[in-house]
1. Quick one: in segment 179-211, which of the residues that are away from the ligand (no atom under 14 Å from the Cβ) and assigned to a loop (DSSP other than H, G, I, E, B) is nearest to Glu64 (Cα to Cα)?
2. Among what's in segment 67-106 and is of a type in the set (Lys, Arg) and surrounded by fewer than 13 Cβ atoms within 10 Å (Cβ to Cβ), pick the residue that is farthest from Ser56 (Cα to Cα).
3. Being within 27 Å of Arg11 (Cα to Cα), at pLDDT below 85 and hydroxyl-bearing (Ser, Thr, Tyr) is the filter here; which residues of segment 126-172 pass it?
4. From Thr120, Thr80, which residue is of a type in the set (Ser, Thr, Tyr) and over 30 Å from Ser187 (Cα atoms)?
Amino acid sequence: MNLHEKMVEIRKLVKALKKDAVGKTGFKDYPYISTDNILENIMDKMNELKVLLVPSLSECSLREFNYINSAGKEKVDFITQGMMGFTWVNAEDPKDREYAPWYFFGQQDEVSKSLGSGLTYSQRYFLKMSFQIATDEDDPDQRDTSGKQPQKPIPQELTNKVYHCEDCGLEVKDTAKKTIAEIVEGSQKYYKKILCQSCVSKRFKASQGAK
Ligand SMILES: [Zn+2]
């Protein structure tokens with residue numbers, strides 16, 4: 001069998017899988033095939049047919065994501081994203097191979113966790129997409145992200161202006177973690193005033209102490 005014929009065999013197997021999990025909605029239970037079950041079966045069939053899947057990472061970038069969670073605490077997450085690819089290889093004839101470019105995104109409170117979760121999820125999705133598998137658990141972690149305020153694009157008029165803090169009167173300067181525009185936008189949002197970062201921190205600490 002060539003690589004493409006082997007992939008068809010894997011796809012046939014996936015289609016025959018039994019629904020092994022039960023999801024609940026407000027109205028009724030619905031059976032579905034769990035991703036773990038699918039992946040385990042794909043891996044078994046890949047071994048049997050001698051098919052390899054080799055990941056490769058080509059570009060990766062990292063940025064910080066500052067937000068205030070639903071409990072009012074300042075938090076930092078790390079967002080890693082990058083370009084990667086997967087190569088399907090027919091181990092019986094290693095020149096018989098197929099490369100597919102892919103992306104990954106990860107967001108966690110630690111850098112290494114962020115990269116790891118990004119790669120893990122991207123591989124899960126790559127496998128599911130490769131065999132046109134839809135499941136009802138497409139939010140894999142069911143993470144509660146409701147407390148995160150997504151960053152809006154920063155309006156152009158905020159980017160080159162000079163601002164003065166309404167508390168201390170000093171010019172608002174950027175910090176290692178935040179640009180001027182982010183500081184201004186954040187302080188207007190949470191304190192309805194333009195404030196420098198040290199005055200924001202003072203007010204934040206005071207509000208924490210008052211609780
Ligand atoms: Zn100030």
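The values are calculated or read from the model by the stated rules, or taken from the named source; none is laboratory data. From a predicted model like this one, the values you see are computed outputs, not experimental measurements. When we count neighbours, we look across all protein chains shown, and the Cβ atoms used for this are built from the backbone with ideal geometry, even at glycine.
1. Thr179
2. In this case the residue turns out to be Lys73.
3. Selection gives Thr135 alone.
4. Result of the check over Thr120, Thr80: Thr120.
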